[in-house]
Amino acid sequence: MKFYVLFADQKYVTTPPTLTLKVLHDKIPSSLQFVSEYLTRSQCSSVDHHSITGDILLGCDDGMEIYSKDSGEVRHETDHMRALVTEYKGEVFMSHHHNKTVIKVIKYDTVTKTSEFLFSFPLKLTAASLLSVSDHFIVPTDKDNQTIKLYDRQAGHRSQNTLTTQTLPEYKVIKNLKLLTDDTLLVTGWDTANTHKLNKYRFIRDRLHLIWSCRDVPDKPAGIAVDDRGRIFVSGCETKTIYVLSDEGEIALILISNHSWRGHVF
């Protein structure tokens, strides 16, 4: 298994950011290995990789871009305003602003370049809506990333009550979230006292219940990834550091890069 770490220059919104790709092998090294770098057309807010094609999916301010593993080229895939993208078992999901009034969540086919509308809700965000997917749920954020929506994929179109709202009062800002295969949820962010935290929740009767909270990440925790051994990888929001945690939320290793930009982990 490989993990890729994406660092993006987000200092100048009008300048396409340089993206640097680094790799972590299954045996975690003490440092990060440089792979490649390239430019996107606009600021990048999310990153994931396609588990079947190996392509890298980038959610940017002017839509989705795809970095081809085979050709090394970047193609602009959609023209949605401010899109965030995530992949789950070969399926690509996007949340994007629509007409500046609605957040739409769609499933996108990168082969046929067609999309399937899933659900929408009124726009209450100045930032893009974060998004994570499992077999059971789709979870986007709402209200400037202070609350989440919970979409029941198994109910689908059979029920009108597939979308519920849940508030996480312990967060002032939700920076990122990650649904795991057992429908537990990892959330990074910080509270009103500016305490940085990574929390893990379990859904019980479609409500979130806290399992554990890690406050040992000194930098503002942002991107989240999890490997098949349950190890959790968290990137610092303002530094060049990757924190490796156990499935119980204890820091096991700290990886430092010579890169000076922020990172998304996938």
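For this structure, a couple of remarks:
- Residue in segment 72-83 that is crowded, with 19+ Cβ neighbours inside 10 Å, closer than 23 Å to A225 by Cβ and of a type in the set (D, E, K, R) present: yes
- All conditions in (1) β-branched (V, I, T); (2) surrounded by fewer than 21 Cβ atoms within 10 Å (Cβ to Cβ); (3) within 17 Å of the chain's Cα centre (by Cα) hold for T101, with the sole exception of (3).
- Residues of segment 198-229 that are modelled with pLDDT under 90, of a type in the set (D, E, K, R) and over 18 Å from the mean Cα position of the chain (by Cα): R205, D206, R207, R215, D216, R229.
- A Cβ distance below 7 Å, combined with a sequence gap of six or more or placement on separate chains, defines the contacts here; from segment 247-261, residues that are outside any loop (DSSP other than H, G, I, E, B) reach residues that are at pLDDT below 70 and surrounded by fewer than 14 Cβ atoms within 10 Å (Cβ to Cβ) in the pairs L255/S31.
- Check on T110, touching a residue at least 40 places away in the same chain (Cβ under 8 Å) and crowded, with 21+ Cβ neighbours inside 10 Å: no
- Restricted to strands (runs of 3 or more DSSP E) entirely inside segment 47-128, those with at least 3 residues that are under 21 Å from I148 (Cβ atoms) are 81-88, 91-98, 102-109, 114-122.
- Cβ-Cβ distances below 6 Å connect the following pairs, each with a first residue in segment 87-98 that is on the phi > 0 side of the Ramachandran plot, a second residue that is surrounded by fewer than 18 Cβ atoms within 10 Å (Cβ to Cβ) and not in a strand (DSSP E or B), and a separation of six or more residues or different chains: G90/S51; G90/I52.
- Residue match in segment 70-83 (condition: modelled with pLDDT of 85 or more, out of contact with any Pro (no Cβ under 8 Å at 6 or more places or on another chain) and not basic (K, R)): no
Residue by residue, here is whether (1) hydroxyl-bearing (S, T, Y); (2) in contact with a helix residue (DSSP H, G or I) (Cβ under 7 Å, 6 or more places away or on another chain); (3) surrounded by 15 or more Cβ atoms within 10 Å (Cβ to Cβ); (4) not assigned by TED's automatic domain parsing to the domain that holds T147 holds:
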residue	(1), (2), (3), (4)
R202	no, no, no, yes
L208	no, no, yes, yes
W212	no, no, no, yes
D216	no, no, no, yes
P221	no, no, yes, yes
D227	no, no, yes, yes
R231	no, no, yes, yes
G236	no, no, yes, yes
S246	yes, no, no, yes
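The values are calculated or read from the model by the stated rules, or taken from the named source; none is laboratory data. Given the structure is predicted, the values throughout are model-derived calculations rather than measurements. For neighbour counting, all protein chains shown are included, and Cβ atoms are generated from backbone atoms with ideal geometry for every residue, glycine included.
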